[in-house]
Amino acid sequence: MLIGAAVRSAQLSETAYAATLTREFNMLEPEDALKWEVVHPERQSFDFSQADQLLDFASRHNMKMRGHTLVWHRQNPKWLTEGSYSSAELTQILEQHIKTVVGHYRGKIFAWDVVNEAFDELHPGELRNTIWRNAATNYEPRASSKPSGSEFEAKSPQLYSYIERCFRWAHEADSQALLFYNDAEAETLNPKSDAIYAMVRDFRQRGVPIDGVGFQMHIAKLQVDVASISANITRFTALGVRVHITEMDVALPVDPSGNASFEDLHRQADIYRQITSACFSHPGCTAIQTWGFTDKYSWIGSHSKKTQGAALLFDRNYQPKPAYQALRNALEAQGGVGR
Ligand code: XIL
């Protein structure tokens, strides 16, 4: 079982940070270091320094490294978002980006979030309006398919043909890497996960190289529909793809000093326990990763304007929280502690 955390390279020099990370986790993922604005700061130049540092740390500590993310609508550099490029140029830029970044880490990054958050939550089943979707005008999928007689008919395979193309490029650059589609709010059975399911099934039927689906699992409301999450994992793994929980955190209301209530910390622990059990009770759900690991460094603070926090397994002093023990107990129940 892979237990991972999103990691910031700037923090690796902090002793408690590095010690906790290596003691408790066997996988890491750069939180931001592989996003375009960091790794591809100018059109003609790439900067792998932060991600290379994380890879070096991971390999010295016998941890696997996941890659995040090759295609996203956020954290893109200005040269890209404010430049004016033709469809053909954007296509060429995207292909070069994917092949360069995946190629740089060939044989080293074992799994990639190839495309992140491409589906739109406001228009169920539709793709988000991004430069990448809009650039993809003239691309024909290699063979058309019509999944017949299903309630989960792919709306229009043509629509997500740009996603297909990204998976094919990534596969060309590293045929051994596991390639994932990653998204938010698709954990349960819902219109968004239905649309992703239709796409993944179509990809599998036509031999598009996809190996997994990532469910982010950012939880902000202290309640989860575990039965629905479990049913969703069941249907995806039945397509022959793996599932990774990729960005779990459970945000709690906090006071101005960042503290959550005793009761909430225990409710949070219960959610970590339930998700861990739900994942690992499916043989095809092979990794749980949290989005950071110490409350000292978590995106939830800035994301919620400091109204929420305390979302992770360790507190700001690297002490394990009830959530840590709950996750560990759930792992032990599945026979999965120890590396
Ligand atoms: C977040 C990072 O944690 C922050 O440091 C950054 O400022 C914004 O992005 N979904 C994702 C992640 O796929 O990449 C996001 O990470 C959180 C939401």
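The values are calculated or read from the model by the stated rules, or taken from the named source; none is laboratory data. In this text the structure is predicted, and so the values were computed from the model without any measurement. Methodologically, a virtual Cβ is constructed for each residue, glycine included, from the backbone with ideal geometry; neighbour enumeration extends over all protein chains shown. SASA here: full protein model, heavy atoms, side chains in, ligands and nucleic acids out. Shrake-Rupley method; radii C 1.70, N 1.55, O 1.52, S 1.80 Å.
Please give the helices (runs of 4 or more DSSP H) falling wholly within the stretch 1-85 in which 2 or more residues are out of contact with any Pro (no Cβ under 9 Å at 6 or more places or on another chain) and more than 12 Å from the ligand (Cβ to nearest atom). Reasoning before the result, please.
Details: elements: 15-24, 36-39, 49-60, 78-81.
Once the helices (runs of 4 or more DSSP H) in the stretch 1-85 are filtered for at least 2 residues that are out of contact with any Pro (no Cβ under 9 Å at 6 or more places or on another chain) and more than 12 Å from the ligand (Cβ to nearest atom), what remains is 15-24, 49-60, 78-81.
Val7: under 30 Å from Phe314 (Cβ atoms), open to solvent by 20 Å² or more (accessible area, probe 1.4 Å), out of contact with any Cys (no Cβ under 6 Å at 6 or more places or on another chain) and in contact (Cβ under 8 Å) with a residue 12 or more places away in the chain, yes or no?
Numbers: under 30 Å from Phe314 (Cβ atoms): yes; open to solvent by 20 Å² or more (accessible area, probe 1.4 Å): no; out of contact with any Cys (no Cβ under 6 Å at 6 or more places or on another chain): yes; in contact (Cβ under 8 Å) with a residue 12 or more places away in the chain: yes.
For Val7, the condition - under 30 Å from Phe314 (Cβ atoms), open to solvent by 20 Å² or more (accessible area, probe 1.4 Å), out of contact with any Cys (no Cβ under 6 Å at 6 or more places or on another chain) and in contact (Cβ under 8 Å) with a residue 12 or more places away in the chain - is not met.
In the stretch 212-234, how many residues are over 12 Å from Cys279 (Cα atoms) and buried (at least 16 other Cβ atoms within 10 Å of the Cβ)?
So the answer is 6.
Being away from the ligand (no atom under 16 Å from the Cβ), touching a Gly at 6+ places or on another chain (Cβ under 7 Å), open to solvent by 30 Å² or more (accessible area, probe 1.4 Å) and β-branched (Val, Ile, Thr) narrows it down to one of Thr307, Thr237, so name that one. Steps first, please.
Details: Thr307 fails: touching a Gly at 6+ places or on another chain (Cβ under 7 Å).
Criteria check complete, one pass: Thr237.
Write out, first by first residue and then by second, each pair whose Cβ atoms fall under 6 Å of each other, whose residues are 6+ apart or on separate chains, and whose first residue, in the stretch 203-215, is closer than 13 Å to Ile163 by Cβ while the second is in a strand (DSSP E or B) and of a type outside the set (A, V, I, L, M).
Here the result reads Val213/Tyr181, each pair linking the stretch 203-215 to a residue that is in a strand (DSSP E or B) and of a type outside the set (A, V, I, L, M).
Let me spell it out: the conditions are (1) loosely packed, with under 15 Cβ neighbours inside 10 Å; (2) among the aliphatic types (A, V, I, L, M); (3) closer than 30 Å to Ser161 by Cα, and Ala16 meets all of them except one. Which number is the exception?
All conditions are met except number (3).
Sort out which residues of the stretch 224-257 are in a helix (DSSP H, G or I) and either out of contact with any Asp or Glu (no Cβ under 9 Å at 6 or more places or on another chain) or at pLDDT below 95 (or both), and write them in order of number.
Applying the first criterion (in a helix (DSSP H, G or I)) to the stretch 224-257 yields 226-237.
Of everything in the stretch 224-257, those that are in a helix (DSSP H, G or I) and either out of contact with any Asp or Glu (no Cβ under 9 Å at 6 or more places or on another chain) or at pLDDT below 95 (or both) turn out to be Val226, Ala227, Ser230, Ala231, Thr234, Arg235, Phe236, Thr237.
Pro320: more than 16 Å from the ligand (Cβ to nearest atom), in contact (Cβ under 8 Å) with a residue 24 or more places away in the chain and open to solvent by 60 Å² or more (accessible area, probe 1.4 Å), yes or no?
On the way: more than 16 Å from the ligand (Cβ to nearest atom): yes; in contact (Cβ under 8 Å) with a residue 24 or more places away in the chain: no; open to solvent by 60 Å² or more (accessible area, probe 1.4 Å): yes.
Here the answer is no, as Pro320 does not meet what is asked.
So Ala260 ticks every box in (1) part of a helix (DSSP H, G or I); (2) in contact with a strand residue (DSSP E or B) (Cβ under 7 Å, 6 or more places away or on another chain) but one. Which box is left unticked?
Ala260 satisfies every listed condition except (1).
Within the stretch 259-303, can you find the residues that are buried (at least 16 other Cβ atoms within 10 Å of the Cβ), of a type in the set (Gly, Ala, Ser) and farther than 19 Å from Glu332 by Cα?
Ala260, Gly292, Ser298, Gly301, listed by residue number.
Out of the residues in the stretch 244-264 that are away from the ligand (no atom under 16 Å from the Cβ) and in contact (Cβ under 8 Å) with a residue 24 or more places away in the chain, state the one that is nearest to the chain's Cα centre (by Cα). Don't jump to the end; show me each part of the working.
Initially, the stretch 244-264 is screened for residues away from the ligand (no atom under 16 Å from the Cβ), giving 252-264.
Filter once more, keeping what is in contact (Cβ under 8 Å) with a residue 24 or more places away in the chain: 252-254, 256, 258-260, 264.
Numbers: Leu252: 21, Pro253: 24, Val254: 26, Pro256: 30, Gly258: 26, Asn259: 27, Ala260: 26, Asp264: 26 Å.
Among them, the one singled out is Leu252.
Only residues in the stretch 105-123 that are farther than 19 Å from Ala287 by Cα and at pLDDT below 95 count as the first member; pair them with residues that are away from the ligand (no atom under 15 Å from the Cβ) and aromatic (Phe, Trp, Tyr), Cβ under 6 angstrom, at least 6 apart or cross-chain, and list the lot.
none
Could you list all residues from the stretch 88-112 that are small (Gly, Ala, Ser) and either open to solvent by 60 Å² or more (accessible area, probe 1.4 Å) or touching a His at 6+ places or on another chain (Cβ under 8 Å) (or both)? Give the steps one after another, and end with the answer.
The initial filter retains those residues of the stretch 88-112 that are small (Gly, Ala, Ser), namely 88, 103, 107, 111.
Ala88, Gly107, Ala111, listed by residue number.
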